[in-house]
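One structure is given below, encoded as structure tokens.
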Amino acid sequence: MPLTGIYGPDDFANRPQGHVITPARPGQARTGPSLPMPSLEWTPEVERATAPLYERVKHVIPPIEWPLMAPTIKAINELKQARGAVILAHNYQAPEIFHCVADIGGDSLQLAVEATRVKAGIIVQCGVHFMAETSKLLNPDKTVLIPDTRAGCSLAASITGADVRLLREKFPGVPVVAYINTSAEVKAEVDICCTSSNAVQVVESLGAPSVIFLPDRYLATYVASKTDVKIIAWKGACEVHERFTGAELRSYREADPSVQIIAHPECPPDVLAEADFTGSTAHMINWVRERRPRRLVMITECSMADNVRAELPDVEMLRPCNICPHMKRITLANILESLLTLREEVTIDPTLADRARRSVERMINLKN
């Protein structure tokens, strides 16, 4: 079913004037003493200690670069133990982070679920700010750190809690679903969250003829094509995925008709129409594991193609990917700094957190 409407900030005459749409900023609380900076020299000991890790990434990280990364990787892994910390990394993190220092990796849904099972007292979130907020919502008594507070998200920045309240005024009684790519302020105003993995399931679970779906207009369009529920969308978009075009994909097929193309549902409809498979990052990875295509175009953020190739080197990855500038703010250097100083700590107002937590937990507890 096509979208029944799509709205944005300009559609509300009574929207608060002068409101700046920016991600919430975490605090800079320090929860323990700083530790001294370890040696970051490339030594035979470092080479021996990190050799098994390099085996994981040797197909995507050149040997000449490894001596620059390995000392920091070794230091991070030792500091995790000293701090009693766990590192969560999204599929869009660089291979040296995803494969060499992360304890848990995955898409937004996987990380949200795993965050509820973490026993460590400290969580270092290698991803963007809304992911760190989600981990904090689900682990209110734990310390959640994000290595760079500037790691935002164009989707999360496209809508505010005030916008959700205006949507509810315009469509009274219509339930609201928020993509996980939103701030805690927005999550506090909605009925339930979703990810790209379970968006259709979440929408249909509400048993309503119409649903407000925010903030990604393209994911909303994809969901509308998979359900009879009428979808009212918001005008947000992912700055990485909206840059792909159907014409670009057709050019890859013309160059090699045997190539397989898989795409994330945050892409525009003309892109999805050209893809052999559409799915969340986790679904895309599973598709590659099962199909093992000879040549593959993965229409999503660049590092995911690297992470998949590190695991499946027999799959040749063509590279029309786009880089997320926010994900790339997370580096080995600032992960190390975060563990040394226990900064930057993510904090959420308890009253707002209680409301936001309910929408996330309702998603997690949804039966398959």
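The values are calculated or read from the model by the stated rules, or taken from the named source; none is laboratory data. Keep in mind it's a predicted model, so treat the numbers as computed, not measured. Virtual Cβ from ideal backbone geometry, glycine too; neighbours counted across all protein chains shown. The protein model used for the area step is the full one, side chains on, heavy atoms only, and it has no ligands, DNA or RNA in it. Shrake-Rupley method; radii C 1.70, N 1.55, O 1.52, S 1.80 Å.
Which of the residues spanning the stretch 269-297 are open to solvent by 10 Å² or more (accessible area, probe 1.4 Å), under 14 Å from LEU219 (Cβ atoms) and not aliphatic (A, V, I, L, M)? If the condition is that a residue be open to solvent by 10 Å² or more (accessible area, probe 1.4 Å), under 14 Å from LEU219 (Cβ atoms) and not aliphatic (A, V, I, L, M), then PRO269, THR278, HIS283 are the ones that fit. Return a yes/no flag: does the stretch 252-267 have any residue that is touching a residue at least 24 places away in the same chain (Cβ under 8 Å) and out of contact with any strand residue (DSSP E or B) (no Cβ under 7 Å at 6 or more places or on another chain). No, because not a single residue in the stretch 252-267 is touching a residue at least 24 places away in the same chain (Cβ under 8 Å) and out of contact with any strand residue (DSSP E or B) (no Cβ under 7 Å at 6 or more places or on another chain).
Any idea which residue in the stretch 298-313 is nearest to ILE61 (Cα to Cα), counting only those that are in a helix (DSSP H, G or I) and open to solvent by less than 30 Å² (accessible area, probe 1.4 Å)? Per the criteria, the residue is ALA310. Among the residues making up the stretch 96-124, those that are part of a helix (DSSP H, G or I) and open to solvent by 10 Å² or more (accessible area, probe 1.4 Å) are GLU96, PHE98, SER108, LEU109, GLN110, VAL113, GLU114. For the condition crowded, with 21+ Cβ neighbours inside 10 Å, touching a Cys at 6+ places or on another chain (Cβ under 6 Å) and on the phi < 0 side of the Ramachandran plot, ALA157 does not qualify.
Of the residues making up the stretch 51-93, those that are open to solvent by less than 30 Å² (accessible area, probe 1.4 Å), closer than 22 Å to ALA120 by Cβ and part of a helix (DSSP H, G or I) are LEU53, THR72, ILE73, ALA75, ILE76, LEU79, LYS80. Would you confirm whether any residue within the stretch 208-229 is of a type in the set (Gly, Ala, Ser), open to solvent by 10 Å² or more (accessible area, probe 1.4 Å), without any contact (Cβ under 8 Å) to a residue 60 or more places away in the chain and on the phi < 0 side of the Ramachandran plot? Among the residues of the stretch 208-229, at least one is of a type in the set (Gly, Ala, Ser), open to solvent by 10 Å² or more (accessible area, probe 1.4 Å), without any contact (Cβ under 8 Å) to a residue 60 or more places away in the chain and on the phi < 0 side of the Ramachandran plot, which makes the answer yes. Taken together, the residues in the stretch 349-368 that are open to solvent by 30 Å² or more (accessible area, probe 1.4 Å) and either under 30 Å from SER258 (Cβ atoms) or modelled with pLDDT of 90 or more (or both) amount to 12. Of all the residues in the stretch 123-174, those that are among the acidic types (Asp, Glu) and without any contact (Cβ under 8 Å) to a residue 60 or more places away in the chain number 2.
The residue of the stretch 165-198 that is nearest to the chain's Cα centre (by Cα), among those that are at pLDDT below 95 and surrounded by fewer than 24 Cβ atoms within 10 Å (Cβ to Cβ), is THR195.
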